[in-house]
Amino acid sequence: MPEFTNYCAYCASLPPGDPNKTYHDSDYGFPIADDEGLFCRLVLEINQAGLSWSTILKKQDNFIRAYDGFEIDKVAAYGETDRQRLLADTGIIRNRLKVNAAIENARALQGIRKSHGSFNHWLAAHHPLDKPGWLRLFKQNFIFVGGEIVGEFLMSTGWLPGAHIPGCAAGDRAAAAGAPWAEQDGSMPLLP
C-alpha cells in the first residue's frame, strides 16, 4: 500500500464515492457561512480527536440527527437527559468529554452570536490571525479545543490555508468559492 504525504494525494487515489474523496473534493477547505454548518464542523473535529477522519465521515449523518441538525439554541438547551441520550447513541462517538464540549460550545456560541451576529461574523472579525493567534482565541471561548482541532477546523472551513496542495483542483474550487485564506495577500504560507 503506498504512503501518501498529503490528503490531496491520498484522496486522488480513492474510488469515486469514497467518503474521504467526496469530502476532499467538495467540502474540505470550502467556506461555510451558516452557523449550523460551522458548529457541525467544530463538533466533528472535536470528535475526531484520537480517531480517524473516515470514522467521523461515516458517522456524520448520525451526528447531525443526534444533535438536532446542530441548531445552536437546541444544543445549548440540552440537559442531563440529552447527555444520557447522546452517550447511549451507538451512531456517534460516545465520549462524555466530547458530548459535554458540544453542549458547552453551543452555549459559548450563543454569546458569540449576541456579540457578533453569527459564528461566521465572529471568525471574520478576527481574520486573518495565524494559527497560534486563532488557538489562543478559541481557548478563550471554547472547551476541548487544542492545536490540531483548531487548525483542522480553520483549514477545513477555509479560514487558514493548507487544506490543499498547490495545483489541487479542489483547492482551486475552494478558493473560487470564497475561502477567506485565498483573499489574503499571499503572505501566509501553506501549512505542511
_Pairs please, first residue from region 94-118 and free of Cβ contacts under 8 Å to residues at least 40 places away in the same chain, second anywhere and surrounded by fewer than 16 Cβ atoms within 10 Å (Cβ to Cβ) and of a type in the set (Asp, Glu), Cβ atoms under 8 Å, 6+ apart in sequence or on different chains._
Gln110/Asp73
*Mind listing whichever residues of region 74-84 are surrounded by 13 or more Cβ atoms within 10 Å (Cβ to Cβ) and in a helix (DSSP H, G or I)?*
Lys74, Val75, Ala76, Asp82, Arg83
_Test for Asp27: is it of a type in the set (D, E, K, R), under 26 Å from Ala175 (Cβ atoms) and surrounded by 14 or more Cβ atoms within 10 Å (Cβ to Cβ)_ = yes
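Conditions (1) part of a helix (DSSP H, G or I); (2) within 18 Å of Ala66 (Cβ to Cβ), marked per residue:
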{"site": "Gly91", "(1), (2)": "no, yes"}
{"site": "Val99", "(1), (2)": "yes, yes"}
{"site": "Glu104", "(1), (2)": "yes, yes"}
{"site": "Arg107", "(1), (2)": "yes, yes"}
{"site": "Gly111", "(1), (2)": "yes, no"}
{"site": "Trp122", "(1), (2)": "yes, no"}
*Just one of Gly79, Gly69, Gly29 is touching a residue at least 60 places away in the same chain (Cβ under 8 Å) and either touching a helix residue (DSSP H, G or I) at 6+ places or on another chain (Cβ under 9 Å) or farther than 22 Å from Leu160 by Cα (or both); which is it?*
Gly29
*If you check Ala182, Ala176, which single one turns out to be at pLDDT 95 or above and closer than 24 Å to Ala12 by Cα?*
Ala176
*Verdict on Ala177 being out of contact with any helix residue (DSSP H, G or I) (no Cβ under 6 Å at 6 or more places or on another chain) and touching a residue at least 24 places away in the same chain (Cβ under 8 Å)*: yes
_Those residues of region 10-25 which are among the aliphatic types (A, V, I, L, M) and part of a loop (DSSP other than H, G, I, E, B), in sequence order_ = Leu14
*asked:* So, in region 145-172, how many residues would count as being under 13 Å from the mean Cα position of the chain (by Cα), part of a loop (DSSP other than H, G, I, E, B) and of a type in the set (A, V, I, L, M, F, W, C)?
replied: 4
*Determine which member of the set Leu87, Leu160, Leu135 is in contact with a Gly (Cβ under 7 Å, 6 or more places away or on another chain), at negative phi and without any contact (Cβ under 8 Å) to a residue 24 or more places away in the chain.*
Leu135
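The values are calculated or read from the model by the stated rules, or taken from the named source; none is laboratory data. Just so it is clear, the structure is predicted and the values come from calculations on it, not from any experiment. With ideal geometry, Cβ positions are generated from the backbone for all residues, glycine too; neighbour counts draw on all protein chains shown.
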